[in-house]
Amino acid sequence: MTPLVAPEPAFGRAGFAAIAGLLVVWEILGRLELTMFVPSASSVAVAWWGLLTDGTLLRSAGSSFGSLLKGFVPAALLGVALGLAMGRFRTLREVLDGWINALMSAPLSALVPVLIALFGVRDTVVAATVFLFSFFVIVVNTMTGVRGTERSLVEMARSFGAGEAALFARIYLPAALPAILLGLRLGAVQAVKGMVVGEMLISLVGMGERLIYYGNTFLIPELYAVIVSVLLIALLSSTLVQSAERALVKWK
Amino acid sequence: MSATLGIAIERLSKSFGAVQALADIEIQVKAGEFLALIGPSGCGKTTLLKCVAGLLPADAGRIVIGSRPVSGPGGREASLVFQDFALLPWATARENAEFGLLLRGAPAAERTEAARRALAKVGLAGSFEQAYPAQLSGGMQQRVGLARALAVNPQVLLMDEPFASIDEQTRRILQDDLLRLWSEERKTVVLVTHSMEEAIYLSDRVVVLSPRPGRVHRVLDVPLPRPRETLDVRASGEFARLVDELWQILKKMQ
Amino acid sequence: MKRLLARGAPLAAFLALWQWAAWVPISFNFPTPWQTVVALAELLGSGALLQASATSLQSLVLGFGAAILIGVPLGLLMGVVRGVGRVARVYLDLLIALPTAALIPLVILSFGINVVSSAVIIFVFSAPFITMNAYGGVRDTRPRLVEMARAFGASWGKLFTRIVLPSALPMILAGLRLGLSRAFLGLIVAELLLSPFGLGKLIMNSRSMFEHDKMFATVAWTLVLAGIALAVLARLEARLLRWRAA
């Protein structure tokens, strides 16, 4: 598996300082009016507030969240199931491992036109893109988690007479849980990426459509406002999974 | 509680692919005996223990605990203690001690009761019950491992280098506690170890295995008086002589 | 041989599913695998595919090259100078979480529709991952090794080149692989949106003319191209890291 440095927005003191610094520099650069492509942070905030209050943002975000759920929930369920099976059954792993790894790093954005050919220009394409972007990383992490189960724990449970079902429920699943949740967190971030790519390419609904629209109409502060919103959605998705992690993995 | 059981290992052989790990192993462990297995690394002592536990099937020969031939893991007669403790990191000390009973389908109240008693036996009563393994020292973790093995009330304890990854001072205390438990509970113990002092200090007999394939090379009787935990046996000349005798056997084998 | 057969099974199943989908057909003008292969041969024969690939690879080399040249040193610096690392890490985390495609309209506005734009997008897609891995590699250097070298009186320069750099190398190389995969992703998204050149143009043109067989062929070609590039990099990585095999 490709080693990943897990994204953990470090909102310690350094985090706040870094972000405050960024905002200050951004504001100054914007005020200097060097180029129209760098509006000040405050003008972006104003634009963001405008989009929020006139309902544009909520409408787009609503559609985006819909696609996100329609793609990510099946990806999570099927991804964890397949990952568990691949972790446990060697034959399945040998058959699928290479393909899953290749697909995890493949430029799946190239498949969006194929998805459009399949489903037509509809938000189903976005959900399918979300699925493709998040599925494989969830499979790989789940499988790695199962494979990382301490052998002695398995032997211990077997020595007390545990059968296959008990091994799964009492050993493999809890042992893999941290890796599964990490996979879901990475998958959630990937899902938002897939959502944006899909929406931009079909340019019909959601945040992605707004990005294209404001880009084409040179509404730069609004464009920035949507970029920031998309980033916030990504961080929010990741944080949601992370709080589930904290609730479920108490023993570390 | 049923009577203590002996173990008969008869003409046991085991191979992994082309590598023969054990050849014609013949050992009789008496009921209530404390037996140590020692030998150079690669002599198959852990493999032998796993065969006795039913975790590995034998290629030839058989193992009988009491009157029941071992045919697979999960037998009620014996429980295992692991070198790396094999504690569930997501379970508290008490939940870990209950785990064997849980897998055997015991009702919750009975499990808790048995786990409490076992934890008390190994000196971990009270607030430690709710601690996760990561919050316990190595010595305390192995006490939990021992409590889990005792909670199912086995007649035989199979111990795979249980104190190998524990520091020397703690190890000596655990060894004494084990001896005390053994004299109270009168269980049959098979201990795999690579420490000559540990083998001599704890056991009635030491079985020396030779490597590749593992065979019974020598059996050394340990006629040291008991209870050794109170008699300061380590300081005796006889202890030193026995350790040296064991060393001479192992040295010639290299 | 048996292994190869097992590995080939999912491909065979996929092709069968595809064949079935075309046979139904599952949607308008859905090409069979064979029609796609024929279209691929045509596109290769006419030179259109190779020309488009060359254009795409040009921006890839520019963007990915820049990402390596800037990302690796920056990551090393972050790892060595702790203060820089702590601050820059926050921005990196944000950039890694950010759906990078959202920046494409901004990049197009700033740089126009050309190869530079495409290279910049590729850079933004891949550089954060390359930097993060180089940083992680330095940070994960075993302190014991550093202590050992310092006990032998190693100078700061020696410590860096003999201990820190080799320790970080596996992570750096893994970062390059991750970065290359991200670069291809960015390349395709950029070209699909910009569409006046490269593989993206070929895909979008075929789509708008309803030549789905050509579109499928180009998509398949793109995936294979990326797969080959990643495999070559993985092979290179394995050779450089022979010491890790044992």
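Read the figures in this text as sums done on the coordinates, not as results from a lab. None of these values were measured; they are calculated from a predicted model. Cβ coordinates were reconstructed from backbone atoms using ideal geometry, including for glycine residues, and neighbour counts include every protein chain displayed.
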Output ordering of A:28-39, A:133-144 (per-residue mean of other Cβ within 10 Å, highest first) is A:133-144, A:28-39
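Find how much the distance from B:Thr230 to B:Lys252 grows on full extension, using 0.36 nm per residue of separation minus their present alpha carbon separation; answer in nm with one decimal. Provide the component values of the computation, followed by the final result.
Numbers: separation 22, 0.36 × 22 = 7.92 nm, distance 3.35 nm.
Taking B:Thr230 through B:Lys252 to full extension adds about 4.6 nm, to one decimal.
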Note: C:204-214 gets an average of partner chain Cβ contacts (10 Å, Cβ to Cβ) equal to 1
Over 25 Å (Cα to Cα) among A:Lys250/B:Lys50; A:Lys193/C:Lys201; A:Lys250/B:Lys121; B:Lys50/B:Lys187; B:Lys30/B:Lys50; B:Lys45/B:Lys252 -> A:Lys250/B:Lys50; A:Lys250/B:Lys121
Expected integer from the mean partner chain Cβ neighbour count at 10 Å over A:95-102 is 4
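One quarter of the convex hull surface, Cα atoms only: what value does that give for chain B in nm²? Kindly include the intermediate steps, with their values, before the conclusion.
Numbers: hull surface 54.4 nm².
The Cα convex hull of chain B, projected and averaged over all directions, gives 13.6 nm².
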With Cα coordinates, the longest principal axis of chain C makes an angle with the long axis of helix C:48-80, in degrees rounded to 10, of 20 degrees
Filtering chymotrypsin sites (Phe, Trp or Tyr not before Pro) in the range C:117-182 by DSSP loop and by at most 14 other Cβ atoms within 10 Å leaves C:Phe152
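Please identify every one of the trypsin sites (Lys or Arg not before Pro) in the range C:189-245 that sits in a loop by DSSP and has no more than 13 other beta carbons within 10 Å of its own beta carbon.
On the way: sites: C:Lys201, C:Arg207, C:Lys214, C:Arg235, C:Arg239, C:Arg242, C:Arg244; in loops: none.
Within the range C:189-245, no trypsin sites (Lys or Arg not before Pro) qualify (loop, at most 13 other Cβ atoms within 10 Å).
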Between the Cα axis of helix C:165-194 and the main Cα principal axis of chain C, the angle (0 to 90°, nearest 10) is 30 degrees
Sorted on mean Cβ neighbours within 10 Å (highest first), peptides B:242-254, A:94-106, B:148-160 come out as B:148-160, A:94-106, B:242-254
For the range B:1-67, listing GluC sites (Glu not before Pro) in a DSSP loop whose Cβ sees at most 11 other Cβ atoms within 10 Å gives none
Longest principal axis of chain B (C-alpha) makes with the long axis of helix B:237-253 (C-alpha) an angle, in degrees to the nearest 10, of 60 degrees
Across B:Ala23, B:Ala147, B:Ala120, the residue with the highest GNM fluctuation in chain B (Cα network, 10 Å cutoff) is B:Ala120
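What order do you get for B:97-106, A:202-211 when each peptide is scored by the mean count of other beta carbon atoms within 10 Å, highest first? Intermediate results must be reported in sequence, preceding the final value.
On the way: B:97-106: 21.9, A:202-211: 23.9.
Per-residue mean Cβ counts within 10 Å order the peptides as A:202-211, B:97-106.
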Computed, not fitted: 222 nm per-residue ellipticity of chain B from DSSP H runs ≥ 4 (each -39500 (n - 2.57)), nearest 500, equal to -11500 deg cm²/dmol
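What does the structure give for A:191-200 when I average, per residue, the other chain Cβ atoms found within 10 Å of the residue Cβ? Working shown, then result.
Working: counts 1, 4, 8, 2, 2, 8, 11, 1, 3, 8.
Counting other chains' Cβ atoms within 10 Å and averaging over A:191-200 gives 5.
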Given Cβ charges of +1 for Lys and Arg and -1 for Asp and Glu, the option among A:Phe136, A:Ala188, A:Leu236 whose Cα lies farthest towards the positive end of the dipole of the range A:39-248 is A:Phe136
Here the FRET efficiency for B:Glu238 versus C:Trp156, based on Cβ atoms and R0 = 45 Å and rounded to 0.05, is 0.15
Straight-line reach check, C:Lys2, cutoff 15 Å on alpha carbons, 8 or more apart in-chain or any other chain, hits among aspartates and glutamates -> A:Glu94
So, relative contact order of chain B in percent, Cα under 8 Å, 6 or more apart, is 27 percent
Magnitude of the Cβ-charge dipole (Lys and Arg +1, Asp and Glu -1) of the range B:1-96 about the Cα centre, nearest 20 debye, reported as 120 debye
Whole-Å distance linking the alpha carbon centroid of the range A:151-214 with that of the range B:199-252 is 53 Å
Final fewest-first order of B:Ser13, A:Ser64, C:Ser208 on the 10 Å Cβ neighbour count is C:Ser208, B:Ser13, A:Ser64
